[in-house]
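The values are calculated or read from the model by the stated rules, or taken from the named source; none is laboratory data. Just so you know, these numbers come straight off a predicted model, no measurement behind them. Backbone-built Cβ (ideal geometry, glycine too); neighbour counts: all protein chains shown.
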Ligand code: OVM
């Protein structure tokens, strides 16, 4: 599995990027990774790592050299059996990827999003009204998770009952991109009935005829994909569309609770909601890391990488690279250059990013119209996770 280190002076790092210490507070480790060089060997997991913004972009934008078809987690699908049938989007390469991406991308068109906006807005205002009137609530369970479960679940067109299972499912999907540690074992122990429910929810007969899920089956009607492939593409909605936005919205509230002047800026100018969300994505990226696999011998800086090697891309580290973002550890919603890699980049860049932005914007605006300040009360619990960054629970008191 591990390659001989051919080049002289290859930086070797023995940080374990899946330890509790790392995932609970990755930022000091990120700095060490970035400072080690444009690429380094991670002896703890036997992979390469890139953590500077420029190289993360470079790898994401070269899918011919750095493929996804061997999996985007630590496991190399050519050697290890994946825990579920691989995603037709996340874990494929062109030309299959290109075809499937076009289908899902059409379902998420600007026109489709526009037609959902009002419903999302009504729900954001309704939910935030109810929570804020209580004075204190769990910003994760009751808002950041509840909102996408409701609006995105409705938009895709799955049944209302049992949706919270999607959180358990995504917990497994993303943890499985790391090593087979405790977290994966725990997620795996409860995922099987959930995975069955998810797969049933992806079938044509289970979907609301007016939803995004059914739009994928229209591609099956047109003969572009078969019935099974259509269900698999719907599975991507349900895998990637809830927990990601839930963590992003939770992280947004966390950032603003800790940066009251930034909240004040936003309250005075609600048009800052979108740039503010970009800053949240940069500063506390919900999707911290993923892998690519080299298809051929290649080079980063003056380091040679063999073919069939896993490369860890630390999106979280790239998003705090001081070469790209001056004073990167400052949360600043007025940054002049907000470009980040929190949604990835290149052909696999998040296809739902406009949906995510719309959800976050509406929640942030609903809060900004009602809340003067947040206080995180006792009992916030960070969720230690192989890949995702966010909270299990985030109790807040709001001042109106
Ligand atoms: C998928 C999928 C699952 C997890 C994440 C993701 C970030 C996609 O099943 O296609 O994109």
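Residues checked against (1) part of a helix (DSSP H, G or I); (2) within 16 Å of the ligand (Cβ to nearest atom); (3) over 25 Å from residue 169 (Cα atoms):
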position	(1), (2), (3)
223	no, no, yes
247	yes, yes, no
254	yes, no, no
267	yes, no, yes
281	yes, yes, no
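Return the total of residues in segment 173-187 being more than 16 Å from the ligand (Cβ to nearest atom), closer than 17 Å to residue 81 by Cβ and part of a helix (DSSP H, G or I).
Qualifying residue count, segment 173-187: 1.
Collect the residues in segment 99-116 that are more than 15 Å from the ligand (Cβ to nearest atom) and under 21 Å from the mean Cα position of the chain (by Cα), keeping them in residue-number order.
106, 109, 110, 113
What are the residues in segment 283-302 that are part of a strand (DSSP E or B), under 18 Å from residue 54 (Cβ atoms) and within 16 Å of the ligand (Cβ to nearest atom), if any?
Of everything in segment 283-302, those that are part of a strand (DSSP E or B), under 18 Å from residue 54 (Cβ atoms) and within 16 Å of the ligand (Cβ to nearest atom) turn out to be 289, 290, 292.
Does any residue of segment 341-348 turn out to be surrounded by fewer than 20 Cβ atoms within 10 Å (Cβ to Cβ) and away from the ligand (no atom under 16 Å from the Cβ)?
Within segment 341-348, not a single residue is surrounded by fewer than 20 Cβ atoms within 10 Å (Cβ to Cβ) and away from the ligand (no atom under 16 Å from the Cβ).
Does any residue of segment 201-214 turn out to be within 14 Å of the ligand (Cβ to nearest atom), more than 21 Å from the chain's Cα centre (by Cα) and closer than 23 Å to residue 176 by Cα?
Checked against the condition, which is being within 14 Å of the ligand (Cβ to nearest atom), more than 21 Å from the chain's Cα centre (by Cα) and closer than 23 Å to residue 176 by Cα, segment 201-214 yields at least one hit.
Identify, please: which residue in segment 33-59 is touching a strand residue (DSSP E or B) at 6+ places or on another chain (Cβ under 7 Å) and in a helix (DSSP H, G or I) and is, among those, surrounded by the fewest Cβ atoms within 10 Å (Cβ to Cβ)?
Going through the qualifying residues, I end up with 36.
Report, by residue number, each residue of segment 265-287 that is surrounded by 18 or more Cβ atoms within 10 Å (Cβ to Cβ) and either without any contact (Cβ under 8 Å) to a residue 60 or more places away in the chain or touching a strand residue (DSSP E or B) at 6+ places or on another chain (Cβ under 7 Å) (or both).
Within segment 265-287, 279, 283, 286, 287 meet the criteria.
Within 13 Å of the ligand (Cβ to nearest atom), in contact (Cβ under 8 Å) with a residue 60 or more places away in the chain, within 21 Å of residue 350 (Cβ to Cβ) and touching a strand residue (DSSP E or B) at 6+ places or on another chain (Cβ under 6 Å), is that true of residue 72?
Against the criterion (within 13 Å of the ligand (Cβ to nearest atom), in contact (Cβ under 8 Å) with a residue 60 or more places away in the chain, within 21 Å of residue 350 (Cβ to Cβ) and touching a strand residue (DSSP E or B) at 6+ places or on another chain (Cβ under 6 Å)), residue 72 qualifies.
Which condition number in (1) in contact (Cβ under 8 Å) with a residue 24 or more places away in the chain; (2) within 26 Å of residue 302 (Cβ to Cβ); (3) part of a helix (DSSP H, G or I) is the one that residue 97 fails?
(2)
Kindly evaluate residue 305 against the criterion of being more than 25 Å from residue 53 (Cβ to Cβ), at pLDDT 95 or above, more than 17 Å from the chain's Cα centre (by Cα) and away from the ligand (no atom under 16 Å from the Cβ).
No; evaluated as a whole, the condition is false for this residue.
Considering each of 163, 141 in turn, give the residue that is away from the ligand (no atom under 16 Å from the Cβ), surrounded by 13 or more Cβ atoms within 10 Å (Cβ to Cβ) and in a loop (DSSP other than H, G, I, E, B).
163
One line per residue, one yes/no per condition, for (1) closer than 28 Å to residue 108 by Cα; (2) crowded, with 18+ Cβ neighbours inside 10 Å:
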site: 301; (1), (2): no, no
site: 308; (1), (2): no, no
site: 320; (1), (2): no, yes
site: 330; (1), (2): no, no
site: 337; (1), (2): yes, no
site: 354; (1), (2): yes, no
site: 382; (1), (2): no, no
site: 385; (1), (2): no, yes
site: 398; (1), (2): no, yes
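Going by the conditions given, is residue 80 modelled with pLDDT of 95 or more and buried (at least 16 other Cβ atoms within 10 Å of the Cβ)?
The answer is no for residue 80.
Taking segment 226-237 as the region of interest, how many residues are near the ligand (Cβ under 9 Å from one of its atoms) and surrounded by fewer than 24 Cβ atoms within 10 Å (Cβ to Cβ)?
Going through segment 226-237 one residue at a time, the tally reaches 2.
Given the criterion closer than 17 Å to residue 386 by Cα and either under 18 Å from the mean Cα position of the chain (by Cα) or within 16 Å of the ligand (Cβ to nearest atom) (or both), identify the matching residue among 26, 86.
Checking each option against the conditions leaves just 26.
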